[in-house]
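Structure, as structure tokens:
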Amino acid sequence: MSVRFENVSFRYPGSTAGVFDIDLEIATGELLAVIGPSGSGKSTLLKLLAGFAVPDAGRILVDGRDVTDLEPHERALGVVFQSYALFPHMSLWRNVAYPLKVRGTPKAERRQRALDALARVGLAEFAERAPTSLSGGQQQRVALARALVFSPRALLLDEPLSALDAALRHGMRDEILRVQRGAGIATLHVTHDQEEALSMGDRVAVMHAGRLIQVAAPRELYDRPASRTVAAFVGHANLWDGEVRAPGRVVTRLGELACDTAGFEPGGRTCVLVRPEQVVPLAELPGAARPNVFYGRISEDRFLGAVRRCDLEVGSGLVRIETNIRTAIAAVSIPPEAIRLLPPDPTALHTGSLS
Amino acid sequence: MTRTPGTSRKSGRAIPLAGRGVRLAFALPAAVIFAVFFLLPLLSVVREAADDHGAAFGRVLADPVFWRGVRGSLVLGTLAPAFSVLVGFLVALNLARLSERARAVALFAISLPLTFSGLVIAYGFILVFGRSGFVTLLLAKLGADPAVVGGFIFTPMGLGLAYSYYLIPRVVLVMLPVLTNFDRAQIAAARSLGANSFTAHLDILVPQVMPALITAFCLTAAVAIGAYGTALALVGTQVNILPLVLYSKISDAGSDFPAAAAISLLLMGLCCAVVGAAELIRARRAA
């Protein structure tokens, strides 16, 4: 029950958009979340797997079987669409039983299996109702039951939670995970919500301009992003261009930072990543000079309930802070172990005036 | 002085967008046109038919030519709309997938036949498919007998085909908005769930657009039953349909105006029955 993309490329006719050189494997029972900005190709990836687009090059394998040229209905994949795509003219159980009907399952059996599937998502008592009488979250669960009732080879989720309001979305994440774990099948989950990807994915694939730029476990992706693009897209980030002055020392717009520079030669350019929640806010400047402490002025201060998100202007630079302290902030300390050096952004202009 | 809450408060009400007077003023032009161009002529036709205590109805109903006309009209009014609905549905299905711009252009071209009079269409068909028509002569070069090919449009079948020429655009105009608004993700879902493209459309799309299909059928049936210009120009009075029976009553042969009035009323009743039946079926499906 695994899914594999081998060197898959696809370009939309008459445009430069598409996906390029995709090599990706989803193991049995694994949930792989794909994130990326809109137009990055994540939905195209799902279309290619579902059979709604045929790659220009490469192969797609499901359970080791080449499905590249199969029609969508021959692939036996369960797809949950962003709009749920429930059939409004059928009752819930008929919706769920539809994949069994087209497979020629006898009516009594398909009704029973549909009712069982609805029971698994907690909607057994609504079996005779019409889809339009349900809330968004309930429709979502019906779509999930319908996609899984025929024991598909893989599950494809196309932004399944984007139409729900925030409060419902969190509950549905757990619900989808529970059902997916129960079915134990390879799952491709396309989303633009990075928090959803990090919380649900066994691994997360980040796409940018039609290419996979990193595939890693959520913690790995957050703590050790491969590039500035990944760091900027996954979570909030302080990203400063810098130059390695000497081993253990990097110069940025803020000033000099002490940190681990292993892997970077003195004189080389780099990009400094610090997550806002790892910045330590200080109420006043410490008496004795300490490394990585910067004095500045709060330019933005946003209270978000559990966290407070503020921007500290330091010289010509800006430090984003996430904290739960509510007192005034006059300075910040950046622990050396919170600093991660990334390869310099090839597209960023080198200003030459870093200090 | 104290006020008791609730006694002095005015009850809330919604403010209509337009007052009663304004609404009546807007309805007036339509009411006048309806009265002058529909109700008045209809009344005079009813009076004409009721002349001589309705003896005209007896004459008409006893006439075998009238009954052959009813049968011909019902056959034509069923087959031509059925063919048109099938073709128009497929055309609309394809148009619905086009970009908005391409759809506007295609729709303009498709609506053109509606602006032609039935007479013009008949002559167009004669010029193209008639005994010395362009297509007939072209097919003759391939060995087809021009007498057979050229004779086709003068048969009831040929007449049905000519009717389809202006019935199909009507079907497209009814179906297109419905198909454009249809959520295509449902078809994608059905296909991913195991239905091939044809089954997916049959199981998912067709039941949902059935009310519009019924409307399109009845609208075109009413048009086909009532039309007479095309029929007269193409087949003269060789084919027995109600509008031509009616025509024969007020032209060459005789001028039995009370009978013509009676036939008009019966023809109108037939069209109303078709449209009414459609509304009934639609209402029952919606319930």
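Within the range A:206-214, identify whether any single residue is within 24 Å of residue A:309 (Cα to Cα) and either among the charged types (D, E, K, R) or not assigned by TED's automatic domain parsing to the domain that holds residue A:160 (or both), and answer yes or no. Within the range A:206-214 (the criterion being within 24 Å of residue A:309 (Cα to Cα) and either among the charged types (D, E, K, R) or not assigned by TED's automatic domain parsing to the domain that holds residue A:160 (or both)), the answer is no, since none of the residues qualifies. Looking for something touching a helix residue (DSSP H, G or I) at 6+ places or on another chain (Cβ under 8 Å) and within 14 Å of chain B (Cβ to nearest Cβ) - is there at least one such residue anywhere in the range A:23-46? No, the range A:23-46 contains no residue that is touching a helix residue (DSSP H, G or I) at 6+ places or on another chain (Cβ under 8 Å) and within 14 Å of chain B (Cβ to nearest Cβ).
Of the listed requirements (1) in a strand (DSSP E or B); (2) touching a Pro at 6+ places or on another chain (Cβ under 9 Å), residue A:311 misses just one: (2). Please enumerate the residues belonging to the range A:199-246 that are in contact with an Asp or Glu (Cβ under 8 Å, 6 or more places away or on another chain) and hydrophobic (A, V, I, L, M, F, W, C). Correct list: A:212, A:217, A:244. Suppose we filter the range B:208-226 for residues that are within 14 Å of residue B:77 (Cβ to Cβ), among the aliphatic types (A, V, I, L, M) and surrounded by fewer than 22 Cβ atoms within 10 Å (Cβ to Cβ); how many remain? The total comes to 3. Against the test of being farther than 22 Å from residue A:229 by Cβ and assigned to a loop (DSSP other than H, G, I, E, B), the options A:39, A:14 yield a single qualifying residue, A:14. Count of the range A:91-120 residues, restricted to those that are of a type in the set (S, T, N, Q), surrounded by fewer than 19 Cβ atoms within 10 Å (Cβ to Cβ) and not in a loop (DSSP other than H, G, I, E, B), is 1. Going by the structure shown, is residue A:175 assigned to a helix (DSSP H, G or I), among the acidic types (Asp, Glu), under 17 Å from residue A:45 (Cβ atoms) and in the same structural domain as residue A:100 (by TED's automatic domain parsing)? The answer is no for residue A:175. Candidates in the range B:227-270 are the residues that are charged (D, E, K, R) and closer than 23 Å to residue B:52 by Cβ; of these, the one that is nearest to the chain's Cα centre (by Cα) is B:249.
Among helices (runs of 4 or more DSSP H) entirely within the range B:170-269, having at least 1 residues that are of a type in the set (A, V, I, L, M), within 14 Å of chain A (Cβ to nearest Cβ) and under 30 Å from residue A:76 (Cβ atoms) singles out B:185-192, B:197-200, B:206-226.
For the range A:104-135, which positions are small (Gly, Ala, Ser), away from chain B (no Cβ under 14 Å) and more than 26 Å from residue B:285 (Cα to Cα)? Listed by number, the residues that qualify are A:119, A:122, A:124.
Among the conditions (1) within 11 Å of chain B (Cβ to nearest Cβ); (2) surrounded by fewer than 20 Cβ atoms within 10 Å (Cβ to Cβ), the only one that residue A:50 does not satisfy is (2).
Within the range B:143-156, the only residue that satisfies the criterion of being in contact (Cβ under 8 Å) with a residue 60 or more places away in the chain and part of a helix (DSSP H, G or I) is B:156.
In the range B:80-98, the condition of being of a type in the set (Ser, Thr, Tyr) and surrounded by fewer than 12 Cβ atoms within 10 Å (Cβ to Cβ) is met by no residue.
Would you mind stating whether residue A:199 is away from every other protein chain (no Cβ under 14 Å), surrounded by fewer than 17 Cβ atoms within 10 Å (Cβ to Cβ) and among the hydroxyl-bearing types (Ser, Thr, Tyr)? Criteria met by residue A:199.
Scanning the range A:56-89 for residues that are more than 14 Å from chain B (Cβ to nearest Cβ) and buried (at least 23 other Cβ atoms within 10 Å of the Cβ) gives a single hit, A:60. Scanning for something of a type in the set (Val, Ile, Thr) and away from chain B (no Cβ under 11 Å), does the range A:90-103 turn up at least one residue? No, there is no match, as no residue in the range A:90-103 is of a type in the set (Val, Ile, Thr) and away from chain B (no Cβ under 11 Å).
Pairing each residue of the range A:269-292 that is in contact (Cβ under 8 Å) with a residue 24 or more places away in the chain and under 14 Å from residue A:249 (Cα atoms) with any residue that is aromatic (Phe, Trp, Tyr) and buried (at least 16 other Cβ atoms within 10 Å of the Cβ), provided the two are 6+ apart or on different chains, yields C-beta distances under 7 Å for A:270/A:264; A:272/A:240.
The values are calculated or read from the model by the stated rules, or taken from the named source; none is laboratory data. As the structure is a computational prediction, the values presented were derived from the model and not from experiment. Here Cβ is always computed from backbone atoms with ideal geometry, including for glycine, and neighbour counts include all displayed protein chains.
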